[in-house]
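One structure is given below, encoded as C-alpha cells.
The values are calculated or read from the model by the stated rules, or taken from the named source; none is laboratory data. All figures in this text were calculated on a predicted structure; none of them were measured in a lab. Quick reminder, even Gly has a Cβ in these numbers, built from the backbone with ideal geometry, and neighbours come from all protein chains shown. Note: areas computed on protein heavy atoms with side chains; ligands, DNA, RNA excluded. Shrake-Rupley method; radii C 1.70, N 1.55, O 1.52, S 1.80 Å.
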Amino acid sequence: MPSTQTPPIAGAAVDPPSLRPSIDDAAIERVEPSALRARLEALKADGYGMLLDLGGVDYLARKPRFDVVYHLLKMSAQRAGVSEVGTPARVRILCGVDGDEPHLPTAMDLWKSADWAEREIFDLFGIVFDGHDNLRRIQMPYDWEGHPLRKDYPVRGPARERAPRPAFANKNNVQAGTPPSGRTLEALQDQVKRVREGGQSS
Amino acid sequence: MTMSTQPLTPEIVSQEGNAMVLSMGPQHPSTHGVLQIMLEIEGETVVKAEPEIGYLHTGIEKTAENLFWSQAQTVIERMDYLAPESNSLCYALAVERLLGITDGIPERARVIRVLFMELTRIASHCVWLGTHGIDLGAISVFFYCFDLRENILDLQEAAGGARMHPNYVRVGGLNGDLPNGFLAKLDAFIEKFPGRMRDLRGLLQANPIFQDRTIGVGILSPEAALEWNVTGPSLRGSGIGYDVRKAFPYTGYDSYDFDVPVRSEGDAYARFLVRLDEMEQSHRIVEQARRRLDTPGPVLIDDPKVTAPPKETIALSMEALIHHFKIVSEGFRVPPGDVYQSVESPRGELGYYVVSTGGNRPYRIRTRPPSMYNLQSVKGLAPGNLIADLVVILGSLDPVFGEVDR
C-alpha cells in the first residue's frame, strides 16, 4: 500500500512520553504487556473505579511500535457531592506492544466501558485484545481492510477504482453540460476563443 | 481475526426463547443522528440492546495528524457540533501546555473563553431539551429552545464570524477581540434568559405526561455509571458530583462562583433536572464573566514563536510580513511530549491526549469522547425497558454523533 502521508518530522523513533513526563498532573507508569493485567487489577482494587479512556498511538519507527494508553480515575461508587469528590487521582498507564498483529489482554471484565474503546483500537490500529467477547470493527465498515490510524496507512485511504463521472461532468456531452443561462459549452468556448484571438467579445 | 469481518447478524445478537431481533435505525427519528440499535425484544420489552455506531465516521483524528497544529483545530471543532467551543478550548489548552505558555494567556482571553464555554453549554442544552421534548411529544418546547439558542448563535457569529463553527478559540488566546455592540447583545441575552428558563420549566417540569414518561425510567445506579464510564450531567444525575470544572479547574474556573447540581435518583427525570439547573448555573457564570469584560486588554499571547503579528503591522513592516508568512506557511513547532487535557463539555468529560514529536503537525490526537461512553451505557440501561422508553433513555443521555463516530 503506497503511503501518501507526510513522514513525521523529527522521526517517530523518539519517545515523547519519556521526554517530558512532568507536565501532567497524572501519575504516569510504563507497564510491560505481560504485567499489564496484574497492574490493572491492582489499580481497580485500589479504588480506580473509572477507566476514563483507552487510546492507541503508533510510533512507526520505535520499538515497541505501538503504545496503548489507559487513563484511570480514582472514584468510588458512593453518592457524593462536589466537595466530597474533590480532586480525584488520575493514573496514566502506557503499555508498549510490537508486531504486525499485537496482542494485549482485555480490560473489559474489569471496566465494562473498555468494550467499545478496545474495539476502536482493534479497528483503527489492529491491536487484538484477547478475551474480548465481541471484537468487531466499530467505526469502519465491517469488511474494511487495513487499520486507518496506523502511520503507514495513507491518509486518503487505499488506492481504489474511481467512480464513473456523472454525465453532466463529461465535457464532450455538451447537451448535458448546458449551463443554466441556456448558453452551451461550445458557445462559451467560442466566446473565449474570440477574446483570446483579440476579437471583440459579443 | 475471522470474527472481525462479520456483519452483525441475528446470530450474533444471541436469540433465545421468544425473542425477536429488531433493527432500530440508522434512520430512526429518535436517534438524533445516525445510530443503529440492534434490539432483541420479547413483546415490547427489550432483552438486549447493541448500538452500532460508525455511520458518521469521518476520520477526524487521522485528518488532524496531517494538518498544522493551528489547522487541526478546524476539524476538531467539528466533532461536537453543538458545542464547538468546548472542543477548540480543550485542544488549545492541551497544545498550550505542551508549548508551556499556559500562564501567558491574557486574562481577557481567559474570561471570554469561559464566557463562550458557558454560552455554548446553554445552547447545547437547548438543543437537547428541544429534541428530547419532541421525542416525548412536547413539540412547542422545541421552538422556545431554538429561539434561545438563536440568540447564542448570534453572539457566536458576532465574535467568531460563523454560527456553527466559529473557530474563535485559538492556541495562545482568541481569534480577535469582541466586536463593537457585542456587550449590548450579551446584556440583552442575560436579561432575557431567566424569563425563558421559567417558561421552559413551566412547560415540562411539572407536566404530568412528561413526568410519567421520565420518572423511574432508565435508572443509572452510581455503580453502573462508573462501570460504563458515564460523565457529565448523566453522572451527576446518579448522585456523583464529578465535574471537571471543579475537580481539575482550567482557564480560571476556580475564580467563578457557581454550584454543580447533583441529584441522586439516577433516572431520566433526574438527568433532565440536572441539565436545567446547569443552564441556570451557566447563566450565573456568564453574568460574572460579563462583569469582568469591562476592562480592555489583549486577547492573544504576545509570543512570536506561536502567533502571527497583528494584521495592521504587515503593511508597514517587512519583518512582520516575513514573520506572518512563516507562521502561515509553516505553522509553529511544538516541543515533544504528551499531555492529557480535559474540560467539562455539555456532555461530560471531554479529553484530548495529544502527542507531539517536535514537528509542526500533531503526531497523534486521541479524543476521549464523552458521548461515546455515555451512549455505550445504553447496553446496560435498555434491558428490561419498553422500546418506547428506550427513546427516553437515549434522549436523556444526549449523545452527539459527530463526537461518537469522529
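Straight distance only, please: which lysines reach the Cα of B:Lys48 with their own Cα at less than 16 Å, same-chain residues fewer than 8 apart left out?
Within the straight-line cut-off, B:Lys48 pairs with A:Lys112, B:Lys379.
Please give me the summed charge of the neighbours of B:Ile190: other residues whose Cβ is under 9 Å from its Cβ, Lys and Arg +1, Asp and Glu -1.
So the surrounding residues net to -1.
With the Cα gyration tensor of chain B giving a ≥ b ≥ c as the square roots of its eigenvalues, does the rule (a/c under 1.5 for rounded; else a/b larger than b/c for prolate; else oblate) give rounded, prolate or oblate?
It comes out oblate by the Cα gyration axes.
List the residues whose amide H sits under 5 Å from the amide H of A:Ala80, counting only those 5 or more places along or on another chain, with H placed 1.01 Å from N in the peptide plane.
B:Ile240, B:Gly241
Is the C-alpha gyration tensor of the protein assembly as shown telling us rounded, prolate or oblate? Criteria: a/c under 1.5 is rounded; beyond that, a/b larger than b/c is prolate, otherwise oblate.
Rounded, because the longest to shortest axis ratio a/c is under 1.5.
What total accessible surface area, summed over both chains, is buried at the interface between chains B and A, computed with a 1.4 Å probe and given in Å² to the nearest 100?
6100 Å²
What is the mean number of Cβ atoms from other protein chains located within 10 Å of the Cβ atom of each residue in peptide A:47-59, rounded to a whole number?
6
Over chain B, what relative contact order in percent results from Cα pairs under 8 Å that are six or more residues apart?
Computed value for chain B: 25 percent relative contact order.
Most mobile of B:Glu191, B:Glu61, B:Glu265 per a Gaussian network model of chain B (Cα springs, under 10 Å)?
Most flexible of the set in this elastic network: B:Glu191.
Please compute, for peptide B:211-224, the average count of beta-carbon atoms on other protein chains lying within 10 Å of each residue's beta-carbon.
Whole-number average of other-chain Cβ neighbours for B:211-224 is 1.
Using a 1.4 Å probe on the protein heavy atoms only, what accessible surface does B:Ile314 show? Give it in Å² to the nearest 10.
For B:Ile314, the solvent-accessible surface is approximately 30 Å².
How do A:Tyr142, B:Tyr144 stack up against each other in accessible area, from largest to smallest, with a 1.4 angstrom probe?
A:Tyr142, B:Tyr144
With n ≥ 4 as the cut-off for DSSP H runs, can you work out [θ] at 222 nm for the protein assembly as shown, using -39500 (n - 2.57) per run divided by the number of residues, rounded to the nearest 500?
-12000 deg cm²/dmol
Rounded, prolate or oblate, given the Cα gyration tensor of the stretch B:22-169, with a/c below 1.5 counting as rounded?
Because a/c hits 1.5 or more and a/b fails to exceed b/c, the stretch B:22-169 counts as oblate.
With θ set to phi - 60°, apply the Karplus curve 6.51 cos²θ - 1.76 cosθ + 1.60 along the stretch B:243-260 and write out the HN-Hα couplings as whole Hz, x wherever there is a Gly or Pro.
9, 4, 4, 9, 6, 10, x, 9, 6, x, 5, 5, 9, 9, 9, 8, 9, 10
Quick one: among B:Arg213, B:Arg347, B:Arg121, which has the greatest mean-square fluctuation in a GNM of chain B with alpha-carbon springs under 10 angstrom?
Top of the fluctuation ranking is B:Arg213.
Please report the spacing between the Cα centers of the stretch B:120-172 and the stretch B:302-322 in Å, no decimals.
35 Å
Order B:Ser70, B:Ser396, most accessible first, counting only protein heavy atoms with a 1.4 angstrom probe.
Final ranking, largest accessible area leading: B:Ser70, B:Ser396.
Give the average, rounded to an integer, of partner chain Cβ atoms located within 10 angstrom of each Cβ in B:330-341.
5
Pull up the DSSP beta bridges for the stretch A:67-157 and report the antiparallel fraction as a percent, rounded to 5.
In the stretch A:67-157, DSSP labels about 70 percent of beta bridges as antiparallel.
Sequence-distant or interchain residues sharing an amide H contact under 5 Å with B:Ile301, placed H: which?
Result for B:Ile301 returns B:Gly173, B:Leu174.
Return the single residue from B:Val95, B:Val230, B:Val127 with maximal mean-square fluctuation; model: Gaussian network over chain B, springs between Cα atoms under 10 Å.
Highest fluctuation among the options: B:Val127.
With angles folded into 0 to 90 degrees, how steeply does helix B:318-330 sit against the dominant principal axis of chain B? Use alpha carbons for both and round to 10.
It is inclined by approximately 30 degrees.
Heavy-atom accessible area of B:Thr58 with all protein chains present, probe 1.4 Å, nearest 10 Å²?
90 Å²
Relative to the longest principal axis of chain B, what angle (0 to 90°, nearest 10) does the C-alpha long axis of helix B:139-160 take?
That helix lies at roughly 20 degrees to the long axis.
Could you sort the peptides B:319-326, A:121-128, B:130-137 by per-residue average Cβ neighbour count (10 Å cutoff), highest mean leading?
A:121-128, B:130-137, B:319-326
Can you give me the angle between helix B:107-135 and the longest principal axis of chain B, using Cα atoms only, in degrees from 0 to 90, rounded to the nearest 10?
Tilt of helix B:107-135: around 20 degrees.
Sort A:Glu29, A:Glu186, B:Glu96, A:Glu101 by accessible area with a 1.4 Å probe, largest first.
From most accessible down to least: A:Glu186, A:Glu101, A:Glu29, B:Glu96.
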